[in-house]
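Below: one structure, written as structure tokens.
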Amino acid sequence: MPFLELESNLPASQFSDQLLSKLCCAAASILDKPKERINVTVKPGMLMAIGGSTAPCAQLVVSSIGVVGTAEQNKQHSAKLFEFLSKELGLAPDRILIRFYPIEKWQIGKNGTVMTFL
């Protein structure tokens, strides 16, 4: 059950209406998870700086069970996510950061329990 949280200092008006759907589909393909399990949050208009610069930028946090736990996995995911974000947001790769967090089944609550028991 991947969670993607995209924050950007770009205004909401610069995000396409289809961004959530496109990011969901891209994440499903990149992380090899069913689209129905992907959870996406987009936060435009944030006060942000990368490397001391407030020029347009974005940060993506990817948390998931089993698919973001190694440097090799994340290297592959990173390349594809950077390509997607650069194209969709019109940002250069040096204005995008991605943070990967592996999580365990017991750390996700769903339907009154945790994923361990579902």
Checking the structure you have, find out if any residue of the stretch 19-39 is at pLDDT below 95 and not in a helix (DSSP H, G or I).
no
Taking the condition more than 17 Å from the chain's Cα centre (by Cα) and either closer than 16 Å to Pro2 by Cβ or modelled with pLDDT of 95 or more (or both), does Ala55 pass?
yes
In the stretch 20-40, which residue that is in contact with a strand residue (DSSP E or B) (Cβ under 6 Å, 6 or more places away or on another chain) and within 16 Å of Ile108 (Cα to Cα) is surrounded by the most Cβ atoms within 10 Å (Cβ to Cβ)?
Val40
Can you pull out the residues in the stretch 51-92 that are small (Gly, Ala, Ser), closer than 24 Å to Gln107 by Cα and not in a strand (DSSP E or B)?
Gly66, Gly69, Ala71, Ser78
Consider Phe117 carefully, then state whether it is farther than 16 Å from Met1 by Cβ, out of contact with any Gly (no Cβ under 9 Å at 6 or more places or on another chain), hydrophobic (A, V, I, L, M, F, W, C) and open to solvent by 40 Å² or more (accessible area, probe 1.4 Å).
no
Go over the candidates Glu88, Glu104 one by one and state the one that is open to solvent by 60 Å² or more (accessible area, probe 1.4 Å), among the acidic types (Asp, Glu) and modelled with pLDDT of 95 or more.
Glu104
Restrict the check to the stretch 56-72 and report whether at least one residue is free of Cβ contacts under 8 Å to residues at least 24 places away in the same chain, β-branched (Val, Ile, Thr) and in contact with a helix residue (DSSP H, G or I) (Cβ under 9 Å, 6 or more places away or on another chain).
no
Do we find that Lys43 is touching a residue at least 40 places away in the same chain (Cβ under 8 Å) and under 19 Å from Glu7 (Cα atoms) in this structure?
no
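The values are calculated or read from the model by the stated rules, or taken from the named source; none is laboratory data. These numbers come from a predicted model, not from an experiment. Virtual Cβ from ideal backbone geometry, glycine too; neighbours counted across all protein chains shown. Protein only, heavy atoms only, side chains kept; ligands, DNA and RNA dropped before computing areas. Shrake-Rupley method; radii C 1.70, N 1.55, O 1.52, S 1.80 Å.
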